[in-house]
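One structure is given here, and the rest of the page talks about it.
Nothing in this text is a laboratory measurement; each read-out follows from the coordinates by a stated rule. Because the structure is a prediction, the values reported are computed rather than measured. Here the Cβ positions follow ideal geometry from the backbone for every residue, glycine too, while neighbour counts run over all protein chains shown.
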């Protein structure tokens, strides 16, 4: 058998038929996954360092001012509610500055604040939700919105608000509900409340 | 085959965050990508899963698509490399779990679903090739890429592709020698 004869045989080989249903379903499955999880890819190509620096500096200035202002006013309070994030005014200012862009405002245990922004302003308007999670050694608090996914200590936690204003947290290894405090949250101590009535 | 202008527009719309535009790109190219992943795996289920992974990865990397190559060539590169990674993982798994080795060996039997015996025999022979030789045959013979293009896709030199194609042909000739073929 020479090369053209071999190629002729190889090219005659056909593939198993793919059903119309399968051809229809694959694009739908892919798009459903993209809508649920993925950030838009534009950022990778049209990333503007100047714009990013400007936004970053502006955000840092606001956060530093707000956090310092808040800390000065509430220095003597040591309860978890003393978080800068528990301040309706701070959250309100952030939301006004980045409408429909804030996925979360995260505060670490040292009081450092981090803004998690959407590139496209696709975060639906909904009441902000305050959450504080502590494992006894470390704690983290954040303000976010129903349907957002938050990374805490390497774990992805989905935050949801129910119809009665309660808050549900779903992590890789636990589910916690503000209305049923007995839900399995392991060793984590969780505090959550809806800030919506104050801000909306 | 979509007009290039349409394709560029769909890429632009996808970059703007329009998932339906990306769905249109998937519809246009899914048969080609599924063919590539099937030739590489010999399994319809794995081929579908790899095709899906390839489209998802392509979406995430769409910002890096600069139009230097055709969109289909760029997609094909992603699908081939995912298939090679998949093959490496499968081999490693077979090595670590000897009780599964028999099951993996059975992958060389492409099973049913083929329209005729020749098609089944050819896939069976492709499955017996080392993955990199198989990739070289899939790209140059089925996707009509030049050895230079295939080299770019596989991240190796053109000479390496030529060698892999040569070695693959030798083995395929042995495996398929009993099939009737037209003499030149």
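Using a Förster distance of 35 angstrom, determine the FRET efficiency expected from the C-beta separation of residue B:31 and residue A:174, and round it to 0.05.
0.20
Counting only other chains, what is the mean number of Cβ atoms within 10 angstrom of the Cβ of each residue in peptide B:6-19?
3
Here residue B:132 and residue A:14 are evaluated by their C-beta separation; at R0 = 30 Å the FRET efficiency comes out at 0.80. Relative to its residue count, segment B:6-98 spans a Cα convex hull of 98 Å³ per residue.
On the beta carbon distance between residue B:158 and residue A:21, with R0 = 35 Å, the FRET formula returns roughly 0.25.
Shielding value for A:22-34 is 6, the average number of Cβ atoms from other chains within 10 Å of each residue's Cβ. The convex hull defined by the C-alpha atoms of segment B:109-178 has an orientation-averaged projected area of 4.8 nm².
A straight chain from residue A:155 to residue A:122 at 0.36 nm per residue would run longer than the Cα-Cα distance by 9.5 nm.
Neighbouring Cβ atoms from other chains, within 10 Å of the Cβ of residues in B:33-40, number 2 on average.
If packing is taken as the average number of other Cβ atoms within 10 Å across a peptide's residues, how do B:142-151, A:15-24 rank, most packed first? Before the final figure, lay out each step's value.
Values: B:142-151: 17.3, A:15-24: 12.7.
Going by the mean number of other Cβ atoms within 10 Å, highest first, we get B:142-151, A:15-24.
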